[in-house]
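Below you'll find the structure, written out as structure tokens, and then a few comments.
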Amino acid sequence: MIMQKIAVFGGVLMLAVVTMSTPRAFAISGGNPFAGDDTNIATTSDGKGNIGKGADIITRFDRAFSVVDSLIFGEQPRLKLETDGLMEGFASGDSTTISPQLDNALIRNTEAKLREGDAKTGLQLTGQTYYRLSDNGGYEDETGEGHYRAKFQAELRWYLLQSSLFGKDGRRQVAYLEEKIARAGYEKERIDINDFLLKSYITQHYDSLMAGVLAYRVNMLRLIGDAQSYLLGNENISSDRRVKNLNERMEAERKLSEIEGTYPMASTLAGIDVTTVRIDSAALVSHVASAQGDMKILELRMQLLEQRERNEKWWADLNVAPFIRYAYYFRSGLPDSYNLDAGVTFTIPINELSGHRKRTLRTERGVVEAEMERLSHRIADKTALVVAETSRLDRATRSELRRLGELKGYLADRTAAYRNVKGEYNRLARAEEYTMYISCLEQLIDYQRRRDSLVADLQALLPDESIMRFCTFSRIKGGDDYQHHDNTLPSK
């Protein structure tokens with residue numbers, strides 16, 4: 001049999017309880033311990049519903065306190081909240097392998113370019129045929145051999161310097177480098193996709209932690225709000241306190257609503273195992289300088305320009321062509337005849353075009369070098385900023401862990417005091433103490449999420465390497481730094 005008496009002292013909801021039985025434990029799976037009992041309000045009332053409603057609020061407080069205490073100090077060992085599950089994502093590194101279809105297409109394209117280059121024989125066949133509409137225009141050839149009515153001529157030239165015999169190795173190197181540049185571009189796109197997937201994994205991981213913890217604070221704030229509304233209706237508290245609670249609850253609900261998906265409430269509030277990270281920035285920057293996607297493409301572009309400059313020869317614009325010419329003459333009055341000639345034709349451009357082309361390629365290399373230098377500085381600056389920010393977050397994490405330990409010790413002492421109190425006590429104050437503790441857990445989760453998002457930014461710089469190669473994670477156990485080291489509820 002339970003007898004309850006409600007009293008209000010100075011705007012604080014009190015309860016004197018005399019019980020003949022041990023209160024039962026309230027498991028999360030058995031329903032929401034923060035929920036009210038509408039039947040109680042309806043059946044136990046002074047005509048306005050006040051007495052029944054107050055008793056229901058007190059019962060809800062006691063149930064909530066019982067559940068939260070069991071999650072923080074439960075006698076059964078509970079796993080702490082884990083935040084390092086995403087290290088598996090970091091450890092695996094980014095996979096930049098392009099699809100087999102694209103890989104085969106790039107290879108076939110390069111092979112086609114090589115065949116195109118090898119197909120340049122340098123041979124050129126020209127010909128002409130014409131018919132004279134008039135006589136020789138007064139010209140008289142005593143032999144008559146110079147007089148013909150029609151002519152057919154064919155000539156085979158071999159532009160030796162423009163054939164595949166010259167510059168073959170240089171052309172092949174250009175084709176291979178162009179394939180590498182295209183492949184690096186596609187691999188960079190894959191890295192961007194992997195970066196997005198890793199960020200999504202981090203978000204989902206910490207959303208599950210945050211939602212599981214935040215749900216308790218939202219429910220506790222709603223319970224506090226119900227109690228304050230009850231007291232405000234009896235004019236026992238000021239409206240300022242109610243407005244403050246409304247604002248805090250709405251902010252918490254807004255934070256919870258921004259989390260995509262639905263996650264179960266946390267199975268423990270005992271503490272949180274967090275990590276700090278040390279980043280070898282010098283080794284990271286050195287590795288990224290040669291492996292990062294954009295840097296790799298720039299390096300390949302530099303090699304391509306160097307190869308094209310080597311391929312640029314002073315004789316490339318010369319035309320030296322041995323030839324064979326056949327001419328057949330159709331005559332009137334005389335037998336037809338023909339000529340077979342052989343010789344060499346050549347043209348020599350009088351300019352410095354080859355030198356200008358080389359200078360243009362050198363200036364393009366200078367632009368690429370400047371891009372590489374700028375990108376190198378950006379990578380170094382970004383790494384330095386990430387290292388500094390992760391260090392700041394790690395310091396904040398350590399500080400928050402100390403605060404969590406102090407709050408847990410305080411809650412343990414207060415729980416013992418509440419159990420030993422005779423008469424009424426301030427349940428609103430006790431509920432607010434729990435919300436402070438849960439807020440501390442939320443802050444720790446947020447610090448870890450922000451830190452790991454920064455580490456993921458560094459992972460995006462590495463095409464086929466895990467950031468774990470350059471990071472050292474150290475686990476810090478927090479939330480237990482208080483006088484009750486047995487992790488159980490203080491004895492009565």
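Max-minus-min Cα coordinates of the stretch 262-395 on each principal axis give 120, 40, 20 Å, with the largest extent listed first.
Kirkwood radius for the stretch 362-437, taken over all pairs of different Cα atoms as the inverse mean of 1/r, rounds to 17.2 Å.
Given Lys255/Lys408; Lys199/Lys382; Lys244/Lys408, which pairs have Cα atoms separated by over 20 Å?
Numbers: Lys255/Lys408 24 Å; Lys199/Lys382 18 Å; Lys244/Lys408 24 Å.
Flagged as over cut-off: Lys255/Lys408; Lys244/Lys408.
Quick one: pull the percentage of alpha-carbon pairs in the stretch 155-240 with a separation above 22 Å. Everything past 22 Å amounts to 69 percent. Computed from label points 7 Å out along Cα-Cβ, the spacing between Asp62 and Asn247 is 3.4 nm. Stretched out straight at 0.36 nm per residue, the stretch from Lys313 to Leu102 would grow longer than its current Cα-Cα span by 72.5 nm.
Please give the contour-minus-distance gain from Glu352 to Ser229: 0.36 nm per residue of separation, less the Cα-Cα distance, rounded to one decimal in nm.
Details: separation 123, 0.36 × 123 = 44.28 nm, distance 9.14 nm.
Stretched fully, the Glu352-Ser229 segment lengthens by 35.1 nm.
If Val387, Val218, Val421 are ordered by their accessible area, calculated over protein heavy atoms with a 1.4 Å probe, which sequence runs from highest to lowest?
Accessible-area ranking of Val387, Val218, Val421, largest first: Val421, Val387, Val218.
With protein chains left intact and a 1.4 Å probe, residues in the stretch 287-353 average 62 Å² of accessible area per residue. Summarising the label geometry, the points placed 7 Å from Cα in the beta-carbon direction at Asp280 and Ile476 lie 2.3 nm from one another.
Which translational diffusion coefficient, to the nearest whole µm²/s, is obtained for the stretch 248-325 from the Stokes-Einstein equation, given a Kirkwood hydrodynamic radius over C-alpha pairs, 10 °C and 1.306 mPa s? Let's see the in-between values first.
Numbers: Rh = 20.7 Å.
Using the Kirkwood radius from Cα pairs, D works out to 77 µm²/s.
Modelled label positions at Ser257 and Ile193, each set 7 Å beyond Cα in the direction of Cβ, lie 3.6 nm from each other. The slack in the chain from Asp240 to Val320, taken as 0.36 nm per residue of separation less the alpha-carbon distance, amounts to 19.0 nm.
The values are calculated or read from the model by the stated rules, or taken from the named source; none is laboratory data. Everything quoted here is computed from the prediction, not taken from an experiment. Note that each Cβ is placed from the backbone with ideal geometry, even for glycine, and that neighbours are counted across all protein chains shown. Side chains are part of the model used for accessible areas, which takes the heavy atoms of the whole protein and leaves out ligands, DNA and RNA. Shrake-Rupley method; radii C 1.70, N 1.55, O 1.52, S 1.80 Å.
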